[in-house]
Amino acid sequence: MALDTLAAISETLPHVLVVSDQPALEMQLRRAGLPVEVISESGRVGMNSALSWGAKALQAQGFTTIVACVGDLPALRPDSILRILDASRAHDRSFVADASGVGTTFLIAHNVELAPQFQGRSAAAHHASGAVNLSTEVIGSPIADARRDVDTEADLAVAIGLGVGQATGALVDHGTGRLGHYELITAMQWRTAEGDRLAVTASGRRITLPSAALGDELRHARIGQRLHSVEAEGRVLSAWL
């Protein structure tokens, strides 16, 4: 979900910054084709402290418009981001409430401090702090994809119905519109009549391992290699180390 969120943002904004203490994250994101900058949390605790730290880093680079966004928007589309930005320009600080109206998916600041209030009843907290609610009426369209964050399986089902990005879509059984099932598998030497590799699950069940399901780093899985996977109806949808 984070990859799809970042893909939409990277397509729209000139510079994307991720605040994280994961040392290999920037390399992993760039391998996924996402040209983002990653900086350390530097001891900051909590989402809001990390966002404030990232906002200051961007301001130090000369950026005057800061957009803070949650990472679980798998259906997010670039055109919705552009609509949000256009609507935000009339206000110093503004926010987009999530689909429930309780949380927040976007917070935008123009030439002022970001002052994030994410988590919990963040929409009310942002409104109380002076940020303007970018409602459907203000934006001029529902932008359901930009409001549909994912906290539950039911939320994910709605996001899938809206149309998720490539990374999340690789884990979806499009026959049922639901996520596949996680399996730890081992690549085997045998192949199907169609030429697809076979794998075996931890319970000993044979399963088809198509080449298209393998990430770039696994284009040719080695015999005996153990992989994480998501499968549906006896076929691997996606596999990774």
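Cα-based values for region 11-147, radius of gyration first and Dmax second, are 14.5, 42 Å. Equivalent ellipsoid of region 157-218: semi-axes from √(5λ) of the C-alpha gyration tensor, largest first, are 25, 13, 11 Å.
In the context of the full set of protein chains, the chain has a per residue accessible area of 52 Å² (1.4 Å probe).
Protection proxy ranking for 60-73, 106-119, using the average of other Cβ atoms within 10 Å per residue and placing the highest first: 106-119, 60-73.
Rg and Dmax over the alpha-carbon atoms of region 90-207 stand at 21.2, 64 Å. In order along region 157-163, phi translates into HN-Hα couplings of 4, 5, 4, 4, x, 6, x Hz, rounded to whole numbers, per the Karplus curve 6.51 cos²θ - 1.76 cosθ + 1.60 with θ = phi - 60° and x for Gly and Pro.
Projection of the Cα convex hull of the chain, averaged over all directions and equal to a quarter of that hull's surface, yields 14.4 nm². Each residue of region 86-92 was assigned a 3J(HN,Hα) from its phi angle through the Karplus expression (A = 6.51, B = -1.76, C = 1.60, θ = phi - 60°), giving 4, 5, 6, 5, 7, 9, 5 Hz with x at Gly and Pro. What is the percent carbon and sulfur in the accessible area of the chain, measuring with a 1.4 Å probe over the protein chains and ignoring ligands? Its accessible area is 52 percent carbon and sulfur atoms.
Dividing the summed -39500 (n - 2.57) terms of all DSSP H runs of n ≥ 4 by the residue count of the chain sets its mean residue ellipticity at 222 nm at -8000 deg cm²/dmol. Our coupling estimate for region 65-74, obtained by passing each phi through the Karplus curve with A = 6.51, B = -1.76, C = 1.60 and θ = phi - 60°, is 10, 10, 10, 9, 9, 6, x, 10, 10, x Hz, Gly and Pro reported as x.
The values are calculated or read from the model by the stated rules, or taken from the named source; none is laboratory data. This structure is a prediction, so every number in the text was calculated from the model and none was measured. Methodologically, a virtual Cβ is constructed for each residue, glycine included, from the backbone with ideal geometry; neighbour enumeration extends over all protein chains shown. Just the protein is used for accessible areas: all its heavy atoms, side chains included, with ligands, DNA and RNA removed. Shrake-Rupley method; radii C 1.70, N 1.55, O 1.52, S 1.80 Å.
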